[in-house]
Amino acid sequence: DSGVTQTPKHLITATGQRVTLRCSPRSGDLSVYWYQQSLDQGLQFLIQYYNGEERAKGNILERFSAQQFPDLHSELNLSSLELGDSALYFCASIREGNTEAFFGQGTRLTVV
Amino acid sequence: SQQGEEDPQALSIQEGENATMNCSYKTSINNLQWYRQNSGRGLVHLILIRSNEREKHSGRLRVTLDTSKKSSSLLITASRAADTASYFCATESGGTSYGKLTFGQGTILTVHP
């Protein structure tokens, strides 16, 4: 158990819909990183938050957004979903001063 | 976009044999890490090697880093069926990209009992 919790584990939704993925980092970790894993693109960094503020952006579509709340949990919002958004979405947290990332079990999103 | 390539893409060996996976990357790095993923589950950190290190060991794992060639290798000795998984290298460049990992495409390792 990495200590990073992601919900839900599985999500099936229709094209055009909007979903919210949730991540709770390890206790004491201020940073949350979101990654997308798909068959064609592999593992791609989406966005990073640190203590409630956005720190870095990667290959995140404009239809996607994220935020980190005062209790440090983070949510990734995916809207106007397309078939190609079907993927595994992971979040990870890193302890201050370290670079070893602890990953959650992921949310498998299927868009039909 | 992916940082680089991993080879082989797939590796099939017998229990007890050694498994070697290679990773190449494109930009300067702060450190390189190896992760393991069991069939679509979360990634588990295996080992980290900093840019000023050349070799590191952890149990049955040995990782090397050649920054002049921008490449790394992961050796798993005396493999077990339980080592069957996908293995990914990931680079971290520090600075404004602190903590952000850029992953390779991964190597699928199958260890036959």
What number of residues within the range A:1-22 satisfy the criterion of being in a loop (DSSP other than H, G, I, E, B) and closer than 14 Å to A:Leu88 by Cα?
2
Evaluation of B:Cys89 against (1) surrounded by fewer than 19 Cβ atoms within 10 Å (Cβ to Cβ); (2) under 23 Å from A:Asp1 (Cα atoms); (3) touching an Asp or Glu at 6+ places or on another chain (Cβ under 7 Å) (one fails), failing number
(1)
For the range A:38-50, give me each residue that is surrounded by fewer than 13 Cβ atoms within 10 Å (Cβ to Cβ) and either of a type outside the set (Asp, Glu) or in contact (Cβ under 8 Å) with a residue 40 or more places away in the chain (or both).
A:Leu39
Could you list all residues from the range A:42-70 that are assigned to a strand (DSSP E or B) and among the acidic types (Asp, Glu)?
A:Glu53, A:Glu54
Filtering the range A:28-83 down to residues that are of a type in the set (Phe, Trp, Tyr) and either within 11 Å of another protein chain (Cβ to nearest Cβ) or out of contact with any helix residue (DSSP H, G or I) (no Cβ under 9 Å at 6 or more places or on another chain) (or both), which residue is farthest from A:Ser2 (Cα to Cα)?
A:Phe69
Looking at the structure I just gave you, is A:Thr99 over 15 Å from the mean Cα position of the chain (by Cα) and modelled with pLDDT of 95 or more?
no
(1) assigned to a loop (DSSP other than H, G, I, E, B); (2) over 25 Å from B:Gln14 (Cβ atoms); (3) without any contact (Cβ under 8 Å) to a residue 24 or more places away in the chain all hold for B:Thr96 apart from (1)
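The values are calculated or read from the model by the stated rules, or taken from the named source; none is laboratory data. Everything numeric here is computed off the predicted structure, so don't read it as measured data. In this analysis, Cβ positions are derived from the backbone assuming ideal geometry, glycine residues included, and neighbour counts consider all displayed protein chains.
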